[in-house]
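Have a look at the structure below before the remarks.
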Amino acid sequence: MRLVILGPPGAGKGTQAASIVKEYQVPHISTGDIFRDNIKRGTDLGKKAKSYMDEGGLVPDELVNEIVIDRIKQDDCKDGFLLDGFPRTTNQAVVLDAALEAMKTKLDRAINIQVDTDLLVNRATGRRVCPECGETYHISNNPPKEAGICDHDGAKLIQRDDDKEETVAKRISVYESQTAPLIDYYKGQGLLLNVNGSQEIDQVFEDIKKGLGESRNQ
Ligand code: ADP
Ligand code: AMP
């Protein structure tokens, strides 16, 4: 199963990705997580990416494409993968298609999580993440058992630097101009699976499973 998951910031891509990779046993490749890990480790890539991320903009394609293409060539991706947060521009989608073609394979589906815009800001600003294990919570929609503490490892939850309200608004507008055109791109390829992401987390996942089980082009 070779999948991409699309949707505006805060749509629930990472939340659904965690369930999808468990169900279908494929690696979860999140470009946002890769950049955040590089920032934490102080690598050159992290230093370059940070300024774009802090402003709510996109990291340039030339810094992103190679990382993803190298990653999907690794052995654990030979039977599938889930790309979360990539592609985000038409150039990235074209580069991905070309790389898959060279590997004599192709994507199976592009899952598009659709969420009412007025829910997005609350979802992103209320997001809290565990700095240790990466688990994502929401202060009211999906709270941990004890406020501010990760259920898995007891670490203190943090708010992402780019989840402040002004930055979230910028990220949503960048999504609209640069990433939303990918919906038509994948629709044209007959790969698009639209899912109503304004529902409860578990119901969104049920719809994804159902959609992935059905044939394409409906
Ligand atoms: P994305 O990866 O698309 O930016 P996340 O998966 O990190 O989004 O979700 C953003 C925030 O919204 C998180 O705090 C998450 O717990 C919450 N969330 C995710 N899906 C839902 C949903 N279906 N209903 C309510 N809140 C959700
Ligand atoms: P995410 O974790 O997917 O919300 O991504 C956080 C930030 O990382 C984005 O706002 C971008 O600045 C950057 N980023 C992640 N993936 C990409 C990508 N495919 N292309 C460009 N920038 C990206």
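The values are calculated or read from the model by the stated rules, or taken from the named source; none is laboratory data. For clarity, every value in this text was computed on a predicted model and none was experimentally measured. All Cβ positions, even for glycine, are placed from backbone atoms using ideal geometry, and neighbour counts span all protein chains on display. Ligands, DNA and RNA are stripped out before the accessible areas are found, and what is left, the full protein with its side chains, is counted by its heavy atoms. Shrake-Rupley method; radii C 1.70, N 1.55, O 1.52, S 1.80 Å.
Looking only at segment 24-53, count how many residues are away from ligand 1 (no atom under 16 Å from the Cβ) and acidic (Asp, Glu).
Of the residues in that region, 1 qualify.
Being closer than 25 Å to Arg127 by Cα and open to solvent by 20 Å² or more (accessible area, probe 1.4 Å) is the filter here, so list the residues in segment 206-218 that pass it.
Scanning segment 206-218 gives Glu206, Asp207, Lys209.
Examine segment 2-13 for a residue that is of a type in the set (Val, Ile, Thr) and away from ligand 1 (no atom under 13 Å from the Cβ), and state whether such a residue exists.
Within segment 2-13, not a single residue is of a type in the set (Val, Ile, Thr) and away from ligand 1 (no atom under 13 Å from the Cβ).
More than 16 Å from the chain's Cα centre (by Cα) and within 21 Å of Gln189 (Cα to Cα): does that describe Ala98?
yes
Which one is farthest from ligand 1 (Cβ to nearest atom), of the residues in segment 104-129 that are among the charged types (D, E, K, R), more than 17 Å from Gly32 (Cβ to Cβ) and in contact (Cβ under 8 Å) with a residue 60 or more places away in the chain?
Here the residue is Lys106.
What number of residues within segment 161-205 are open to solvent by 30 Å² or more (accessible area, probe 1.4 Å) and either touching a Phe, Trp or Tyr at 6+ places or on another chain (Cβ under 7 Å) or of a type in the set (D, E, K, R) (or both)?
Matching residues across segment 161-205 total 10.
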